[in-house]
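Data block below; observations after.
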Amino acid sequence: MSPHLWRAGLSGLAIALIPLSQSPAHEIVGNRFFPATIGIDDPGVNDEMSLPTADSFKTGDVPPVRQRDVSTEFSKRITEDFAVSFGSTYTFLSPTDPTAPGANGFQNLDTTFKYRVFRDPVHEFVMSVGVSVEWGGTGSEDVGAETFNHYTPNLYFGKGLGDLPDTLSWIRPVAITGQVGYSIPEKNFTQTFGVDPDTGNPTVDTQFHPRVLNWGATIQYSMPYLKSAVIDLGLPEFINHMIPLVEATMQTPVANTITSGTMTTGTINPGVIWVGNTFQIAVEALIPINRQSGTNVGVIAQLHLYLDDIDPRGIGKPIFGGPVQPASPFARN
C-alpha cells in the first residue's frame, strides 16, 4: 500500500470507527444511575477515570488493517455542573497484507469541556452541552493523527423510564441516552505539491477534510434499578449489578466532501456493564453496519473508576465549591 493510500485509509478509519467521544462519566438523577458508556459519552458531569479502554477490530480499508487501541481518560469537575476531561490513545496497526508495513503511535490528544444545563430528578432526565477539541499535531501521522485541530460541539441527554405507571413497571429499569456532535476541522483541505516523474510538470494533490455529524444512542436495562425500585427477584448479587445495553455510534459526512453522496459508517455495540461501589467494568462487541465501517466483529472493554466515590472529599470533589456527589440507594447496591 502506498503512503498516500495508507494515509487516506487511516483518515477514513478515523471517521468510521473512532468513538464519538472519549470523556466518560456517570450521573445520578433521582433514583436513576446513568453508567459510563464506551461508545458515546453519557450526559453526566463527574470526577472519573477510564484506565484503560482497549479495543480490537479490522478496518474497512482495502486490504483491511487490524487496529488495536489502548486509551485512558480523566474527567475533573471544576464546579458542580462543569467539568473538563483529557484523553489519550495509543494505536497499533497490523496490515493483513504481509508486504505492507505496520505502524503504531499516539493519536492526537483530546480535551472536552462539558456543562450540565438541566436535571429533572422526578422524570429522571438530564441534559448537558459541551465542546470537544482534538489537538492537531500532538499525535503520530503514521497512525492517522492529523496536523490540524478538530472542534466538535456536542449535545448529551439521558432519560430514565422510572416515571412510567405501575402497569408498565417492568419497563421502568430502561433508560435511553444519546449524543449528537458536529465535527469541524480547522482546515477545509490540505494540498500536497509534487512533480510528475514522467513529464516533470508540477502536481497538486488536494485532500478535503469533511465536516461530520457524529450521532449515537444507548438503550439500557438496569438490574440494580429493577431490584431497588421495582421488584427484588432474589437473583444472585452478581446479576443484580449488571446493566445490559446496546449502543450505536454513527458518523455521517455532511459537508466539504469530494462526492455529492455521503456514506454513514459506524457500529452497533451490544454488551454489558457490571457496576461496583467504586468502579465498573464494561465489555461490548463492535458490529460494523457496512463494509466501509469494518470487515469483522470487534471487541471493546473498559475499566472505569468513580473518583467521586473513591475520594469524595479530595480528588472527587469539585475544585470550586459545590456539594459532594450524592450516593443513591439505586445506583450501586
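The values are calculated or read from the model by the stated rules, or taken from the named source; none is laboratory data. Predicted model, so just to flag it, every value in this text is computed and none were measured. Virtual Cβ from ideal backbone geometry, glycine too; neighbours counted across all protein chains shown.
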Exercise. Do you know which of the residues in the range 52-91 that are of a type in the set (V, I, T) and in a loop (DSSP other than H, G, I, E, B) is surrounded by the most Cβ atoms within 10 Å (Cβ to Cβ)?
Worked result: T59
Problem set entry | Test set (1) more than 30 Å from S94 (Cβ to Cβ); (2) part of a strand (DSSP E or B); (3) modelled with pLDDT under 95 - T190 fails condition number | (1)
Exercise. Are any residues in the range 26-73 closer than 25 Å to L164 by Cα and of a type in the set (V, I, T), and if so, which ones?
Worked result: I28, V29, T37
Problem set entry | Yes/no for V204 being out of contact with any His (no Cβ under 7 Å at 6 or more places or on another chain) and either loosely packed, with under 14 Cβ neighbours inside 10 Å or over 30 Å from I268 (Cβ atoms) (or both) | yes
Exercise. Got at least one residue in the range 209-218 being over 26 Å from S88 (Cα atoms), surrounded by 13 or more Cβ atoms within 10 Å (Cβ to Cβ) and of a type in the set (G, A, S)?
Worked result: no
For this session: Go through the range 122-133 residue by residue and tally those that are surrounded by fewer than 17 Cβ atoms within 10 Å (Cβ to Cβ) and within 26 Å of F74 (Cα to Cα).
Result: 4
Exercise. Do the conditions hold for S94, that is, is it modelled with pLDDT under 95, in a strand (DSSP E or B) and under 26 Å from Q207 (Cα atoms)?
Worked result: yes
For this session: Pick out the one residue from I243, I231, I219 that is free of Cβ contacts under 8 Å to residues at least 60 places away in the same chain and closer than 25 Å to K159 by Cα.
Result: I219
Exercise. Has the range 227-238 got at least one residue that is under 26 Å from G44 (Cβ atoms), modelled with pLDDT of 95 or more and assigned to a strand (DSSP E or B)?
Worked result: no
For this session: Using the structure shown, decide if D142 is farther than 23 Å from D308 by Cβ and in a strand (DSSP E or B).
Result: no
For this session: Any chance you could count how many residues in the range 97-118 are in a strand (DSSP E or B), more than 16 Å from the chain's Cα centre (by Cα) and either surrounded by fewer than 19 Cβ atoms within 10 Å (Cβ to Cβ) or among the aliphatic types (A, V, I, L, M) (or both)?
Result: 7
